[in-house]
Ligand SMILES: [Cu+2]
């Protein structure tokens, strides 16, 4: 058999005894190998299922933003899109309202309000930066008391934008 060569190297007199040990240990190693393989396969399957169930959930948000025209639209949407985590932004010139879709693990609503306000535009929650407003083209210097978010939703307890 194959074992005879190995036993010669060891120069062991108890050839039969050694062969049995070798056979036993080989069997144990094979058995261990089989069990560990099974365990690994199970682990891989579990990991895959977890990854599939973790889908990125986008949060949709709408709120009022003042503005006049297509240039305003560009500025407002650019400001919102520059916030990390924002997937899309669409401002409606008639409704004075923006629809934003964002990853809420990366940003939140207030960060988007602040970014738009910093570009010079009033939102429902944050008044636009006056400095940025002054730098807007004349046609874009919107009326600070104009109605916004014409979707029907009104927040009666929000007096932060009173400026007259
Ligand atoms: Cu404009």
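The values are calculated or read from the model by the stated rules, or taken from the named source; none is laboratory data. Just so we're clear, the structure is a prediction, and the values are computed from it rather than from any experiment. Heads up, the Cβs are rebuilt from the backbone with ideal geometry, glycines too, and the neighbour counts pull from every protein chain shown.
Remarks
- Test result for residue 125, in a loop (DSSP other than H, G, I, E, B), away from the ligand (no atom under 16 Å from the Cβ) and farther than 19 Å from residue 146 by Cα: no
- Scan of region 51-105 for residues that are under 18 Å from residue 126 (Cα atoms), surrounded by fewer than 16 Cβ atoms within 10 Å (Cβ to Cβ) and within 16 Å of the ligand (Cβ to nearest atom), ordered by number: 78
- Residues satisfying the stated conditions in region 128-138, i.e. assigned to a helix (DSSP H, G or I) and closer than 13 Å to residue 75 by Cα: 132, 133
- Taking first residues from region 130-148 that are under 19 Å from residue 95 (Cβ atoms) and more than 12 Å from the ligand (Cβ to nearest atom) and partners that are modelled with pLDDT of 95 or more and not in a helix (DSSP H, G or I), the Cβ contacts under 6 Å between residues at least 6 apart in sequence or on separate chains come to 146/66; 148/64; 148/66; 148/96.
- Residues within region 101-122 that are more than 16 Å from residue 63 (Cα to Cα) and part of a strand (DSSP E or B), tallied: 1
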